[in-house]
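The values are calculated or read from the model by the stated rules, or taken from the named source; none is laboratory data. Everything numeric here is computed off the predicted structure, so don't read it as measured data. Positions of Cβ are backbone-derived with ideal geometry, glycine not excepted, and every protein chain shown enters the neighbour counts.
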Amino acid sequence: MTIPVVSMENISFAYEEKTILENVNLEIPRGAFMGLVGPNGGGKTTLIKLILGLQQPNQGSIRILNQPVRQFRNWNKLGFVSQKANAFNRGFPATVFEVVSMGLTAKVGYLKFLTKKHKEKIMQAIDQVGMLEYARENVGNLSGGQQQRVFIARSLVNEPELLILDEPTVGVDQENVKRFYDLLHQLNEERGITLLLVTHDTGIMTEHATDLVCLNKTLHFHGEPEVYTSLSGEDLSRIYGHPVNIVTHNH
């Protein structure tokens, strides 16, 4: 039996007596492309922080690559990309190569020279996301979609087994959104990288995701994206706790 990349059992988390997550059981299989959806305030960000070891659950257990999260030390095997395109300082004076090289800081250390092998790994990661021709370009001159590719490359330079993306297409134009999802599909299918993607776009998930999870304090759905998108508006309204209108996408 294949060991899951992440295993969460009976997870509960409360903040200042407010319950954020309650009795969550979730496994992320190796090689999965999992979409995580749910209403704002439903606990998605907290779930990510628990996986990344930034917060500890009040109840339950988490295992990362078959190790208890409290004992896990190989954090370079987990990559994380947030909503950088929406908040990145375009005046930041760094090239694409320099931004991607930051992903090696934990291994190389600050103020240390990059070896030839390190530089090859950086260029390989940049090439994987289709940004090789921009390697010496200032990252602030790039579009939102291109910047997100750079931030993915910064995670890929460590050869992660799991890549977590928190609504990465915020601030990215629609044309580049499709290219972005095509890149994720390629990384998952051809590179075998397990993906966990927080998104509100359930329509596009039916094209790429292997699993879809709906979280609103507890898990309300975990299964094939096609099944989730076939749920009625009444079912979704019950899950989200407020009226939900279904929008059909033609990708």
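Kindly indicate whether any position in segment 6-23 is touching a Lys or Arg at 6+ places or on another chain (Cβ under 9 Å), closer than 22 Å to Pro160 by Cα and not aliphatic (A, V, I, L, M).
yes
For segment 140-162, give me each residue that is more than 18 Å from Thr105 (Cα to Cα) and basic (Lys, Arg).
The one that is more than 18 Å from Thr105 (Cα to Cα) and basic (Lys, Arg): Arg149.
If the requirement is being crowded, with 17+ Cβ neighbours inside 10 Å, in contact with a helix residue (DSSP H, G or I) (Cβ under 7 Å, 6 or more places away or on another chain) and over 25 Å from Glu234 (Cα atoms), which of these qualifies: His185, His208, His220?
Only one candidate passes the filter, namely His208.
Would you be able to say whether some residue in segment 177-189 is under 16 Å from Val100 (Cβ atoms) and touching a residue at least 24 places away in the same chain (Cβ under 8 Å)? Full working, then the answer.
Pass one, segment 177-189, residues under 16 Å from Val100 (Cβ atoms): 183, 187.
So of that shortlist, the ones also touching a residue at least 24 places away in the same chain (Cβ under 8 Å) come out as 183, 187.
Within segment 177-189, one or more residues are under 16 Å from Val100 (Cβ atoms) and touching a residue at least 24 places away in the same chain (Cβ under 8 Å).
Which numbered condition trips up Leu197, out of (1) in contact (Cβ under 8 Å) with a residue 24 or more places away in the chain; (2) surrounded by fewer than 21 Cβ atoms within 10 Å (Cβ to Cβ); (3) closer than 24 Å to Leu65 by Cβ?
Only one criterion in (1) in contact (Cβ under 8 Å) with a residue 24 or more places away in the chain; (2) surrounded by fewer than 21 Cβ atoms within 10 Å (Cβ to Cβ); (3) closer than 24 Å to Leu65 by Cβ is unmet by Leu197, namely (2).
Looking only at segment 13-46, how many residues end up being assigned to a loop (DSSP other than H, G, I, E, B) and surrounded by 13 or more Cβ atoms within 10 Å (Cβ to Cβ)? Outline the logic, then answer.
Step one: of segment 13-46, the residues assigned to a loop (DSSP other than H, G, I, E, B) are 16-17, 29-32, 38-43.
Pick out the ones that are also surrounded by 13 or more Cβ atoms within 10 Å (Cβ to Cβ) and you get 29-32, 38-39, 42-43.
So the count comes out to 8.
Using beta carbons and a limit of 6 Å, which pairs, at least six apart or on different chains, have the first residue in segment 23-50 and farther than 14 Å from Val198 by Cβ and the second one of a type outside the set (D, E, K, R) and assigned to a loop (DSSP other than H, G, I, E, B)?
These pairs meet every condition: Glu27/Pro4; Pro29/Pro4; Arg30/Thr2; Arg30/Val5; Gly31/Gly192; Ala32/Thr210.
Do we have any residue at all in segment 162-175 that's surrounded by fewer than 18 Cβ atoms within 10 Å (Cβ to Cβ), at negative phi and outside any loop (DSSP other than H, G, I, E, B)?
Yes: one or more hits.
Are there any pairs with C-beta distances below 6 angstrom linking a residue in segment 124-137 that is more than 14 Å from Pro160 (Cα to Cα) to a residue that is assigned to a loop (DSSP other than H, G, I, E, B) and at pLDDT 95 or above, with the two at least 6 apart or on different chains, and if so which?
Ile126/Ala135
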